[in-house]
Amino acid sequence: MFFKILGISTKMVVSDRSLSVKELKSRTDGNEMDLSLLGLNKVPVKEIAAIPKANTIDLSCNRIVILPDIFCTMLKHLVKLDLSKNQLQELPEDFGKLEQLQHLDLYHNKLSILPVSFCHLRALKWLDLKDNPLDPGFSKVVGDCLEDKQCKQCAIKVVAAMKAVASNQERERQRMLKLQREKEAARKAEEQKITQARAQAKKLEKQMEKERKRREWEEQQKIQLLDDEKDQIHQSDISKNSNESVDEITVSKSHSFGKGAILLFFLITLIAVGVGVFFYCQDVGKKEEICIVFNRKFNEVNVALERLTISLSQSISWGADVLLKSSVDLKKWVMVHFYHLNDKLSHLLQ
């Protein structure tokens, strides 16, 4: 009525302008700052913080929808706060930082729940939450704030309820943390198990590779042993064959020498007869038929002996070279050439 008489409109003017520190000081009386009925839609936090002696702030009857993030950080010194008849839909999660707050008026806003950090408002002694669309369960805890006593009880009940919620949340957080730790431990155990399995598999693979190489080495040793045995058998066969050859040659040599002795006897006899005939033919001349035949044979023997001497000389030279190679070969060579010489002598004596 008073405003109507003066011709001033009672309709609130919405303002988003920033109030200067000077304007705030003009609205400050002692430790109380009155910022009501200004149509504010945001709180001039920094300007209010510039006047630290003002610990009682009246922001009622404005258009405030949300409190800025720095509100609870820069205004921790507040003791009394009036936010009634605004359009607050929620309070900052860190609202509990206002630990010195004793009086809080949130009448006629749009709050449905309060932040859990309310549990830290241990100094809170008065709280009004009337005319807010509170959650039905929470509304029962708040109760009525029709008088001062009920508002004091409301503060106590709300702080206690928020403590219980915080405790439940902490237990839930711890439970989730425990589950997370268990999952992490299980994950690490599984990873460790996989790592151990891989290490075991790698170790087994190395053992198998080692065993494979060992078997290959053993097979190679067996093959080498068989080769050595074959070489020994081969050498033994060669030695045996050589011995048999030597024995055969020795036997043949014995037989040959036996034959040679007989032939030598006949040869000496023939030579004696030949010498006798020679001297005989020399004494009686060459007219007799036997002397003519003898002289012809004698000449043939001389020619054959010359050829035999040449052949024998060549054979002796070749035999000297063979002597440097093998004693067994030398024996064979001697026996062969002895037989050859014996055959030639036998032919000449026929």
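The numbers here are math on the coordinates, done by the rules we state, and not lab data. What you see is a predicted model; the values in this text were computed from it and never measured. No Cβ is skipped: glycine too gets one built from the backbone with ideal geometry, and neighbour counts run over all protein chains shown.
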Once normalised by the length of segment 2-146, the mean sequence separation of its alpha carbon contacts under 8 Å that are 6 or more apart gives a contact order in percent of 16 percent
May I ask you to evaluate 6.51 cos²θ - 1.76 cosθ + 1.60, the Karplus curve with θ = phi - 60°, for each residue of segment 55-71 and list the ³J(HN,Hα) values in order in whole Hz, giving x for glycine and proline? 9, 10, 10, 10, 10, 6, 6, 10, 10, 6, 9, 8, 8, x, 4, 7, 4
Long-range HN-HN contacts of Lys125 with modeled amide H, under 5 Å: His103
Taking segment 2-146 on its own, what percent of its Cα-Cα pair distances exceed 19 Å? 53 percent
Suppose every K and R has +1 on its Cβ and every D and E has -1 on its Cβ; what is the size of the dipole of segment 163-226 about the Cα centre, in Debye to the nearest 20? 300 debye
Whole-Hz ³J(HN,Hα) for each residue in segment 101-112, computed from phi via Karplus 6.51 cos²θ - 1.76 cosθ + 1.60 with θ = phi - 60°, x for glycine and proline: what do you get? 5, 10, 10, 9, 10, 10, 4, 6, 10, 10, 7, 10
